[in-house]
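Some notes on the structure that comes next.
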Amino acid sequence: MRGHSMMPTLRDGDLCQLDHPTGQLKIGDVVATRFNGADHVKRVAALAGDQVSLDRGRLLVNGRRLEDWFAERQVELAIPPGNVRVATSPDDWHVTDDGRWLVLTTRNPYRDGAESPVLDDYPGNTEVRRGLNPVDRLLLVVNQVDHDSRVVFFVDQHLRFTEVFNRRALSRFGSLAASSDGSLPTLDAAHPVAVELPPSNDAVDVESRWPHRFELWREIEYRDDIPRRRANYPLEVEEGQVFVVGDNVPVSIDSREVGSVPEAAIFGQVSAVRSPGIEALED
């Protein structure tokens, strides 16, 4: 593969195994297609008969956020969307006064580390200048498992909680928390994650060891809020056409700009990738 339009999922120089398309394509499949006189690797976002629209810049397919379509199929996708690492440091965590919660402060790296919601930044896009948007699909990875931990996320102005499972806790799987009676931490957009601490931990142990256990990632948000894009929403994908996008949303040239591509132009489906340099989460 050449180019950066599928980062962070695929990177320039990755070797992709292509299979001939068999059966019906599905939303989320990664395909090789030809348009504008060149070969491209893109992700299927919508099929014939689907309606693509926008809600505050986010791409919707049949009224549903595109990233949620992909998440629903994640376990069966040969190449699921990657995650983007959110830059944090141990100093960004603090313990609440009651000693029960470890709370993360997130910061804007382009504004001298000022407190900020998690933004849809792509650190690899060093030449891109654009406005950044808050995101609400977060993933916390626990490097050292502690089964007594509960993770709380701030999502869409609601407090949600989810248990750590298989070293991960995802905000989109969270349940709405009851109104706080003072036992839950105070969270906001710039303090989006709290981890419940086991009562046996003392303050020294928490401050010196616990923050090093966690990595924060965000899921990709698929948007069309760049003025040069040419798509006119809402649109319905015509028969024999496919709407495709790249995972590197800000830079990818895809159906948001060139329109739907003929299904006949798809000459392969990516079934595996050899990517020795990819930044990935491993079990």
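Between residue 230 and residue 87, the contour length at 0.36 nm per residue exceeds the alpha carbon distance by 48.2 nm.
Relative contact order of the range 1-93, taken over Cα pairs closer than 8 Å and 6 or more residues apart, is 24 percent. Ordered from highest to lowest accessible area with the whole protein assembly present and a 1.4 Å probe, 40, 20 read as 20, 40. Value of Rg to Rh for the chain, rounded to two decimals, is 1.00; Kirkwood radius and Rg both from alpha-carbon coordinates. Remark: accessible surface ordering of 39, 29 (largest first) is 39, 29, probe radius 1.4 Å. Our helix-only sum for the chain, with -39,500 (n - 2.57) per DSSP H run of n ≥ 4 divided by its residues, gives a mean residue ellipticity at 222 nm of -1500 deg cm²/dmol. The alpha-carbon positions of the range 75-193 define a convex hull whose volume is 140 Å³ per residue. Computed on protein heavy atoms with a 1.4 Å probe, the accessible areas place 91, 97, 156, 50 in the order 97, 91, 156, 50, largest first.
If I take R0 = 35 Å and measure r between the Cβ atoms of residue 55 and residue 177 in this structure, what FRET efficiency does the formula 1/(1 + (r/R0)^6) give, to the nearest 0.05? The computed FRET efficiency comes out at 0.90. Got a sec? Which residues in the range 41-82 would a label at residue 24 touch, if it sits 7 Å along Cα→Cβ and we count backbone N under 13 Å? So the set is 47-50. Ignoring the sites themselves, the chain has its longest run without GluC sites (Glu not before Pro) in a DSSP loop having at most 15 other Cβ atoms within 10 Å at 1-126. Would the range 2-152 count as rounded, prolate or oblate if I go by the C-alpha gyration tensor, calling it rounded below 1.5 in a/c and otherwise prolate when a/b exceeds b/c, oblate otherwise? Cα axes put the range 2-152 in the prolate bin. Shown for the range 1-156: the carbon plus sulfur share of the solvent-accessible area, taken with all protein chains present and a 1.4 angstrom probe, equals 46%.
Computed 3J(HN,Hα) for the range 2-16, one whole-Hz value per residue from the Karplus formula 6.51 cos²θ - 1.76 cosθ + 1.60 where θ = phi - 60°, is 10, x, 10, 6, 10, 5, x, 5, 10, 10, 3, x, 4, 9, 9, glycine and proline marked x.
The values are calculated or read from the model by the stated rules, or taken from the named source; none is laboratory data. Since we're looking at a predicted model, the values are computed, not measured. Cβ sites come from the backbone with ideal geometry, for glycine too, and all protein chains shown count toward neighbours. Areas reflect the complete protein model, heavy atoms only, side chains present, ligands, DNA and RNA absent. Shrake-Rupley method; radii C 1.70, N 1.55, O 1.52, S 1.80 Å.
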